Every structure is written in C-alpha cells, then in structure tokens.
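Structure first, commentary second.
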Amino acid sequence: MLLTTSRTLISSLALVLLQFAGTAQNQSLLEPQPMPYASATPAHMWEIGLHSGIAFGLSDIEFTPGIGGGVHVRRALDYVFSLRGELLAAKLKHDDTVNGNTETTFQAGTLELLVSLNNLVWNANRNRKTNVYGIVGAGLNRFKVDVTKAISNDLNPLDYSTQSHGGVGLGMSFRMSNRFNLGVETKAAIFFGKNSDRLDGVARQNGDVLSYSSIRLNFNIGNTEKRAEPLYWVNPMDAILQDVTELKNKPVFDTADTDGDGVIDLLDQDNSTPPGVEVNTRGLPLDSDGDGIPNHDDPTPFSSSENMAGTDGQAPTEADIERIVNQRLNQYDQTGQVPVPGTNGKGSGNPFGGNSPSTTRPGATGNIDAALANWFLPIVHFNIDSDKIRYADYGSLASIAKMMKANPGLRIVVMGFTDKTASDTYNLDLSYKRARNAIKHLVNVHGIERSRLVLNYNGEDDPLVPSTGSSLMNRRVEFRVANNNDRDMPAPPTKKRRRRRF
C-alpha cells in the first residue's frame, strides 16, 4: 500500500514538472519582456596613480624631511564615495644634539575611503574641473630603525617590526583631460602596537605620528567610448539634467496647416501649396508621371515625354485614363487576373500590360508599387546605447512582415542609424547591430526569408532631427523597397580584443 502511494505521488510530481517545462518552452517570442531600470550610475573607469613627496615623523627627536613614494588604485563606489588601495615606501631621518641621529626605513599598505566633498554640491557643470576630497584609512606597516649617531642611552636600533595604523587626510585633484588628472595631498597616520612610539628609535611618549605630503599623477583606465570618467569627476545631476533638457527641447505638437492641404506644418515639406491641389503624405504636390511637373501644372499628368515616344504625340488625358481603367476592370476574370490585349483572355497581373511591378487584385500574386510602399513603411526606434528591439515596435515589424508575405517578390532594405552620443567608429558598429537585429526579428519571429532583407547601416550620418547629443528620433532603423542594385553591406571592422587569461 505504501509503495503504491509513493509511486502515485512520484508520478503526479513528474507530470506537474513536465507541464511546467512545456509551458515555459512554448512561451511566445512576442510576449513583452520586462524593461530593465536605467542605472543611476553609468559604467565608469578605474584610476591608477603614482605619488611622491615629503615624509617625516613627529616624534621624540627633531626630524629632517625625508622622501617617500608609491602607487595606488582607486575605484568609485558612487558619485561621493570611493575606495583606494595604496602602497608607500619612505626614508625618515631624525637628528638632534641631545639624543643623536637615526634613519628609519618605512613601508606601508593602506585601504582608504575617500569622500568627494564638492560632489555634495549640485550644479549645472557636467564634469568637475577639480575634485576636493577627505581621506580616512587603515592598514599595516613595518619599519626598521638604524642609529647613525648615538648620544642618549634611550636611542636604540630596531629591526623590522610590523603593526597597524590609521590615518586621515585631505586632497585636491585637477582634471587635465578625460584620461589624466594631477593631485596634491597631505595626510597623517598614527600607529598601534608595542613599537608605536619607536619610529625614531626612542620610546618616551604615547605614540609617534607619520606625516606624508605628496604630488600625484593619476590616470583613468578603460574604454572612453563605453565608460564614463570615474564618478567623482561626474556631476550626479548630469543624467537628470540631460533628460530634462531633452524634454524641454521637444518640439510642441502643432496641428496648424497653413496651406490647408491636409498635411500639418510639422510634416509638410511645402507650406505654400495652392488651394485644391492634391498632395502626397509629405505635403508635396502629386506628380503622377514623375516628369518633375506637378499634376496641377502638367497638361499630361499621367504620361511623361518618354511614354509618348512612337505615338502621335498626344498623351492620354485624365478622362482617357479613367475610361481605360474602367474598361479593364470590367474584363476582370474569375482567377483574379486582368486580361490584356494579345493574351487571349489570360490575365497578366498588370492592368496596363508590360513587366513593371504593380499591385494585383485580391487573390493574385505580385509586388506592390515601390514608391507607394515607401510611403507606408514604418520606422523603429531604440533606447540609448542599445540594439535591442523595443516591445513598442513589435507591431511595426509585424506590419512589414505582413506586407512582405502578401508580396513575395518584394525585397526590403533595412538601414540602421544612431544619434551622436559616441565616436564615429562605435556608432557605425551600433547602427549595423540595430539593422541586424531588426532583420533577425523578421526572420525568426515572422518567417521572412533572409535573402529578401538587405542589411545597410549609416552610423550617425543622415539624422532625422538636428542634434549633437542624445535623440530618440535619430536612434532608428528605416525600411525601404530594394532595387536590383541593393546588396548587404559588410560588417564594420572591429578592434581585436585581447584574450583574457584566467
């Protein structure tokens, strides 16, 4: 009985797990994905540096200034706080006529917390020119004392002795470029341990103090195209100010239509169209035959001079065109094709004959007119520094796929663009990735053949709106009907990355 019950429970559990796995596997690619929150702290660089300066001990014997130097590594935790690991080596000298002379060899390693004081004050400056900071730290040190001249019996040499220390200080750095800054700093440390008062070789007080004042050469390391400067150089309000500026600079949506052609001025490329003139979606007068003369000024609006070759020189009028169209539509056969002269009643798919692309009637197979298609092809936009398709643009890509499926002979050029917030090289690569991901979406989600999609990219060139910074309108992928000469552009060259060793 117990064995039967156990088997039943195990079978039920296995069934539940299989159903859960099947549900997870069959989730649609079109389900909305949660959008990640934008980080308040961008990716930023590390700092490494060299330092050298004057070191001396405040102790029982009068000091003579010595010299010290070392290296450090600094990393910002946020806009105010940063951690720094530092190594210091110094030579200290003490001499007077009462005790004698000593020379101390000093070595220390310290972990310090730095507080950027001027980043506590917010203003409109994007990058700080100076960085004023306070220092508090602790670490381990070791030193030995050599007696070079003994006068007092209290003066004794000391072999290397290790103890802990703690210290405070102040510093100020001056930004020279996004890669380099120059700093000055002073700090003092007290020692803990049985030899804390033997820095000069004499033990008479509660403890000696080491003072170190230095000049620092600081270098920022990291990819400047993808990472900001260390955050203590960045205004914490910069991201907010940039977003507010973009919102303030957005054009006001104005529905005014000066020339009354049905296209608002914001989109109208010709605000002086004469009354009653037919226009396209851009507000330009229609030019049906493409001869450069608008229909309202063209005596033969539906036939260019090329189409009149070999005729009596009389182009068909609008009434003639309407009569021909009605005649052909009356001959529409049951197969969805339009019979034309010379085909014995067989449909050609083109009401006007010839081999030019045209839109066929329902039930037929053919290609939509290229000029007409370009009017209605949407644009998809991207978040800053991203090549991921936004869920808001899934519908636009679905409409493109639907049109391509209805017109199997149609090829589409997919052109990627960026705004101007990075270098030309980086933007060229990003525009390529945006076009590539739009193509992947059409292929993987909607089943469009890859050969029907032509990958092109143009970096930050040809912006939709004039802007030298971040712009959603310029971060885009456009689509247009391809011609016979359109081909995939090769991927942009990328820098070879060094192989990491583990």
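Bear in mind these aren't lab numbers, they're just calculated from the coordinates by the rules spelled out. Since the model is a prediction, treat every value here as computed from it, not as a measurement. Cβ atoms come from the backbone with ideal geometry, glycine included; neighbour counts cover every protein chain shown.
Which entries in Lys226/Lys388; Lys144/Lys194; Lys405/Lys433; Lys129/Lys187; Lys248/Lys420 show an alpha-carbon gap greater than 21 Å? Flagged as over cut-off: Lys405/Lys433; Lys129/Lys187. Charging the Cβ of each Asp and Glu at -1 and of each Lys and Arg at +1, and nothing else, the dipole of segment 371-481 about its Cα centre rounds to 540 debye. If R0 equals 35 Å, the separation of the Cβ atoms of Met489 and Val132 corresponds to a calculated FRET efficiency of about 0.10. Sorting 414-423, 193-202 by average packing, meaning the other beta carbons within 10 Å per residue, from highest down gives 414-423, 193-202. A DSSP coil position with no more than 15 other Cβ atoms inside 10 Å describes the following trypsin sites (Lys or Arg not before Pro) in segment 156-191: Arg179.
Its relative contact order, with pairs defined as Cα atoms under 8 Å and 6+ residues apart, puts segment 170-233 at 34 percent. Among 259-265, 275-281, sorting by the average number of other beta carbon atoms lying within 10 angstrom of each residue, highest first, gives 259-265, 275-281.
Extension gain for Phe180-His296 works out to 35.2 nm (0.36 nm per residue, less the C-alpha to C-alpha distance).
Using a 7 Å offset from Cα along Cα-Cβ at Thr258, what residues in segment 267-292 end up with backbone N under 19 Å from the label point? It comes to 267-286, nothing else.
In this label model, Asp146 and Trp46 are separated by 3.5 nm, measuring between points 7 Å along each Cα→Cβ vector. Packing, taken as the mean count of other beta carbons within 10 Å per residue, orders the peptides 429-438, 283-292 from highest to lowest as 429-438, 283-292.
Between Leu117 and Phe219, the modelled label-to-label distance comes to 3.0 nm, taking each label 7 Å out from Cα in the direction of the beta carbon.
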